[in-house]
Amino acid sequence: MARVAVIGAGTMGHALALVFALGGHRVRLTDSNKETLARAQGLMETALATLVAGGEAPADWTSGHLAQAVTRHDSLAEAVDGAELIVEAIIEVPEAKRALYEQLDKLAPAEAIFASNTSHLDVFPLIPAARQRKAMIAHWYTPPYLVDLVDVIPGPECEKGVVEGVSDMLRAMGKQPIGLKKFVPGYVANRIQAAIGLEVQHLLDEGVASAEEIDAAIIHGLALRLPILGFYAKADFTGLALMQAVKRNNSYAPPKPTPSSPVLDKLVAEGRTGVLAGAGYYDWPGDPAALFEARDKKLIALKQAMREIGTMAGMERKL
């Protein structure tokens, strides 16, 4: 059992606190915004109830159990007192992170590991020199209590064994850490997702297909194979000679990043900003909380099915 402090109780922070608590660790959660911190308990309880109902959390975990495992603190000093692992999950603003790390340098135990959940910032230049030997990135995906992937990246001066130790902790919690040798914005999954995003937005803006049709192509074609094969195992099954020939004959050029999208800009201007607004590319009537719960239930069912089915990637080592 480790003493974990989670700094930031927003979309990712409260969910990470729940993940570490379910993993058997004692968690202290804090946020500079009192309203955000106050709301975190209800959000964790809702997510926990969904996990228990779906068989992804112990049946005896109640809101009372959660309140003991995760305590909320207004004071940063109190939250990090005695912490072995400090998870930074605040806004993606460099100066805000720099200011936080300067505070943590004064308040946190000397041997505490700093693990940032940053999505795209190189946080290492923002961390005081004295803390570099225990500085790393542990980047999660939403919702982290269901998505097991965690990107782990050591800082340039991080001591050998720090990332390995955190990775072992994550595996013991049922997570899937992947190690990157160096920091790159977006890591692996987000960079692939960004490339897909460029293409699908281009197809929509060009009127090639509707949002519904593009999603159907992904769901019933691309996504059907990806969970089982990934990319490179799928290539092996297709045959590398064919893949090589297709690449040589390919006249396709991926779209280049642009600062705007006519379709996306129009939706945002109309206030169609996503599920929380009741509409985005699709109409989402009803309670957003119920929609998130429905999403989580489907993810649980898929995760459990995938656990039963297994994957082909890596199977050659088992045959």
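The values are calculated or read from the model by the stated rules, or taken from the named source; none is laboratory data. Everything numeric in this text was worked out from a predicted model, so none of it was measured. Counting neighbours? That spans all protein chains shown, and the Cβs are built from the backbone with ideal geometry, glycine included.
Is it fair to say Ala216 is aliphatic (A, V, I, L, M), farther than 23 Å from Gln304 by Cα and more than 22 Å from the chain's Cα centre (by Cα)? It is false that Ala216 is aliphatic (A, V, I, L, M), farther than 23 Å from Gln304 by Cα and more than 22 Å from the chain's Cα centre (by Cα). The single condition among (1) in contact with a helix residue (DSSP H, G or I) (Cβ under 9 Å, 6 or more places away or on another chain); (2) assigned by TED's automatic domain parsing to the domain that holds Glu92; (3) under 21 Å from His120 (Cβ atoms) that Val184 does not satisfy is (2). Here Asn249 passes the criteria (1) modelled with pLDDT under 95; (2) in contact with a strand residue (DSSP E or B) (Cβ under 7 Å, 6 or more places away or on another chain) except the one numbered (2). Among the conditions (1) part of a loop (DSSP other than H, G, I, E, B); (2) surrounded by fewer than 15 Cβ atoms within 10 Å (Cβ to Cβ); (3) modelled with pLDDT of 95 or more, Ala96 misses just one, which is (1).
In the same structural domain as Leu299 (by TED's automatic domain parsing), of a type in the set (A, V, I, L, M, F, W, C) and in a loop (DSSP other than H, G, I, E, B): does that describe Ala253? Can you show your working first?
Working: in the same structural domain as Leu299 (by TED's automatic domain parsing): yes; of a type in the set (A, V, I, L, M, F, W, C): yes; in a loop (DSSP other than H, G, I, E, B): yes.
Taking the combined requirement at face value, the residue satisfies it.
You will find that of Gly239, Gly274, Gly280, the residue that is surrounded by 12 or more Cβ atoms within 10 Å (Cβ to Cβ) and on the phi > 0 side of the Ramachandran plot is Gly274 and no other. Applying a threshold of 7 Å to beta carbon distances and a minimum spacing of six or more residues, or different chains, the list of pairs starting in segment 252-273 at a residue that is at pLDDT below 95 and ending at one that is exposed (fewer than 10 other Cβ atoms within 10 Å of the Cβ) is empty.
If you filter segment 181-220 down to residues that are in a loop (DSSP other than H, G, I, E, B) and touching a residue at least 40 places away in the same chain (Cβ under 8 Å), you find that the one that is farthest from Lys256 (Cα to Cα) is Phe183.
Please find, within segment 266-298, the residue that is farthest from Gly55 (Cα to Cα) out of those that are acidic (Asp, Glu) and touching a helix residue (DSSP H, G or I) at 6+ places or on another chain (Cβ under 7 Å).
In the first step, residues of segment 266-298 are kept if they are acidic (Asp, Glu); the result is 270, 283, 287, 293, 296.
With touching a helix residue (DSSP H, G or I) at 6+ places or on another chain (Cβ under 7 Å) added as a condition, the list becomes 293, 296.
Values: Glu293: 14, Asp296: 12 Å.
Among them, the one singled out is Glu293.
Checking the stated criteria, Gly10 turns out to be in the same structural domain as Gly165 (by TED's automatic domain parsing), of a type in the set (Gly, Ala, Ser), closer than 25 Å to Tyr101 by Cβ and modelled with pLDDT under 95. Out of Leu126, Leu149, one residue alone is within 28 Å of Leu22 (Cα to Cα) and modelled with pLDDT of 95 or more. It is Leu149. Could you list all residues from segment 226-236 that are surrounded by fewer than 12 Cβ atoms within 10 Å (Cβ to Cβ) and free of Cβ contacts under 8 Å to residues at least 60 places away in the same chain? Selection gives Phe231 alone. When we screen Ala313, Ala223, Ala305 for residues that are assigned to a helix (DSSP H, G or I), surrounded by 11 or more Cβ atoms within 10 Å (Cβ to Cβ) and under 24 Å from the mean Cα position of the chain (by Cα), the only hit is Ala223.
Give the residue that is nearest to Ile113 (Cα to Cα), with candidates limited to residues of segment 58-93 that are part of a loop (DSSP other than H, G, I, E, B), free of Cβ contacts under 8 Å to residues at least 60 places away in the same chain and not hydroxyl-bearing (Ser, Thr, Tyr). It comes out as Asp81. So for segment 291-299 (the condition being out of contact with any Asp or Glu (no Cβ under 8 Å at 6 or more places or on another chain), without any contact (Cβ under 8 Å) to a residue 60 or more places away in the chain and assigned to a loop (DSSP other than H, G, I, E, B)), does at least one residue qualify? Within segment 291-299, not a single residue is out of contact with any Asp or Glu (no Cβ under 8 Å at 6 or more places or on another chain), without any contact (Cβ under 8 Å) to a residue 60 or more places away in the chain and assigned to a loop (DSSP other than H, G, I, E, B). Candidates in segment 99-144 are the residues that are of a type in the set (S, T, N, Q) and assigned to a helix (DSSP H, G or I); of these, the one that is nearest to Ala15 (Cα to Cα) is Gln103. Checked against the criterion of being in the same structural domain as Ala57 (by TED's automatic domain parsing) and buried (at least 21 other Cβ atoms within 10 Å of the Cβ), the candidates Ala138, Ala172, Ala129 yield just one match: Ala138.
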